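Down below is the structure, laid out as structure tokens.
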Amino acid sequence: MDIDSGQVMWLGVKREERQNYGKNVSNTEIVPVKLTFLSPEDIDMLSSGFTRREVREKRIIRLFKDGYLKRSGSKQ
């Protein structure tokens, strides 16, 4: 899996995994997830006068959505 500029690799729990009492990480399927931490859109927003807080809020939403959508374990 190639990582582009502005992206990070994160290990996440596979979306289909179910939680159980006493279940630990060694019994959980983990999948690599490629997340865009800094996008060209973030840079455009900053140069257009948006505050760092506004850009950070948008980035957090993007990271959560991307992380959830990409945790299926399929190739990205």
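Bear in mind these aren't lab numbers, they're just calculated from the coordinates by the rules spelled out. Note that the structure is a prediction, hence the values are computed from the model and not measured. Please note: Cβ atoms are built from the backbone with ideal geometry, for glycine as well, and neighbour counts cover all protein chains shown.
Overview of results
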| read-out | value |
| --- | --- |
| Considering residues of region 17-41 that are hydrophobic (A, V, I, L, M, F, W, C) and touching a strand residue (DSSP E or B) at 6+ places or on another chain (Cβ under 8 Å) only, the residue nearest to GLY6 (Cα to Cα) | PHE37 |
| Pick from region 42-63, criterion outside any helix (DSSP H, G or I) and among the small types (Gly, Ala, Ser), ranking: nearest to SER5 (Cα to Cα) | SER48 |
| Residue check for GLU17: part of a helix (DSSP H, G or I) and of a type in the set (Asp, Glu) | no |
| Filter result (outside any helix (DSSP H, G or I) and surrounded by fewer than 14 Cβ atoms within 10 Å (Cβ to Cβ)) within region 64-75 | SER72, SER74, LYS75 |
| Some residue of region 22-32 being basic (Lys, Arg), touching a residue at least 40 places away in the same chain (Cβ under 8 Å) and assigned to a loop (DSSP other than H, G, I, E, B) | no |
